[in-house]
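The values are calculated or read from the model by the stated rules, or taken from the named source; none is laboratory data. Source: prediction; values computed, not measured. The protein model used for the area step is the full one, side chains on, heavy atoms only, and it has no ligands, DNA or RNA in it. Shrake-Rupley method; radii C 1.70, N 1.55, O 1.52, S 1.80 Å.
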Amino acid sequence: MPAAKKHYEAQLRDLFGVLDRRLAGSEYLAGDYSIADIACYPDVRLHGKLGIGLETDYPNLNRWHDAIAARPAVQRAWAVT
């Protein structure tokens, strides 16, 4: 399944680029915290498992990721998974 993993990682990198550009001008994906942020966060959270660094390549996405991860409800949700 290396080809599938490579394909999925490429898709994530494309998504991360789109999100990073969007977040350059906004705190959250749709202006205010919304279902858009909630829906996208799990995919972005995978970056560590895939070895994709956010800090250097996607600084706006990294800021957003850390802000979402710090929300108490998000911390409670991931604590039960």
Solvent-accessible area per residue for the stretch 7-81 (1.4 angstrom probe, square angstrom): 60 Å²
Rounded tilt (10° steps) of 2-23 against the dominant C-alpha axis of the chain: 30 degrees
Length released on extending from Arg71 to Asp32, taking residue separation times 0.36 nm less the Cα-Cα span: 12.6 nm
Portion, in percent, of the accessible area of the stretch 4-43 that falls on carbon or sulfur, probe 1.4 Å: 57 percent
Identified option (computed mean projected area of the Cα convex hull in nm²; candidates (i) 7.4; (ii) 8.0; (iii) 5.6): (iii)
